[in-house]
1. If we sort 4-12, 51-59 on the protection proxy, mean other Cβ atoms within 10 Å, highest first, what's the order?
2. Using the Karplus curve 6.51 cos²θ - 1.76 cosθ + 1.60 with θ = phi - 60°, what ³J(HN,Hα) values do you get for each residue of the stretch 67-83, in whole Hz, with x for Gly and Pro?
3. Mean residue ellipticity at 222 nm from the helices of the chain, using -39,500 (n - 2.57) per DSSP H segment of n ≥ 4 over the full residue count, to the nearest 500 deg cm²/dmol?
4. Quickly rank 43-49, 69-75 as a protection proxy: mean count of other C-beta atoms within 10 Å, highest first.
5. In nm, give the distance between the simple-model label positions of THR68 and LEU89, each being 7 Å from the Cα along the Cα-to-Cβ direction.
6. For the chain, with a Gaussian network of springs between Cα atoms less than 10 Å apart, report the residue from GLY50, GLY85, GLY14 with the top mean-square fluctuation.
7. Hey, what angle do you get for helix 114-124 against the long axis of the chain, alpha-carbon based, 0 to 90 degrees rounded to 10?
8. Between the helical axis of 43-55 and the dominant principal axis of the chain, each derived from Cα atoms, what acute angle in degrees is found, rounded to the nearest 10?
Amino acid sequence: MHTTLDLIRANPTGRIALKIFIGILGAIVVTVGIVLIPLPGPGWLLVIAGLGVWAVEFHWARRLLAFTRRHVNAWTRWATSRSLGVRFLLGAVGLAFVSVVVWLSLKYSLGIDVVARAMHYLTTH
């Protein structure tokens, strides 16, 4: 892969075309990731993957990706070194956060109030 990229970069037109291609591809991946962040799924993973795409060609993206890796690894080490109760609490807080984000996304994006419907169902059945 490095040999192919070096061959493309050896030509001035190839260098510019590669920068444009990597810039657009990374922007698409990051944009899709940002759109997916509030929804359950791989939003943050796609944002980090987009940074990885940009890191092929842009130094600032390599630095930002390294910064992100350091902090994710530090958080993972911290969380896994805690007791089972603390890890359970972290998981419960994360689940509550995702649940609220999904509820608000459904309510304000699609007009579906899941909580109101559930309460209505419980009171009528």
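Any read-out appearing in this document is the output of simple, stated calculations on the displayed coordinates, not a laboratory observation. Because the structure is a prediction, the values reported are computed rather than measured. Ideal geometry is used to build each Cβ from the backbone, glycine not excepted, and the neighbour counts take in all protein chains shown.
1. Packing proxy ranking, top to bottom: 51-59, 4-12.
2. Computed from phi, the couplings for the stretch 67-83 are 4, 5, 4, 4, 6, 5, 5, 5, 5, 5, 4, 4, 5, 6, 8, 7, 5 Hz.
3. -27500 deg cm²/dmol
4. Ranking, from highest mean packing down: 43-49, 69-75.
5. That separation, rounded to one decimal, is 3.0 nm.
6. GLY85
7. 20 degrees
8. 10 degrees
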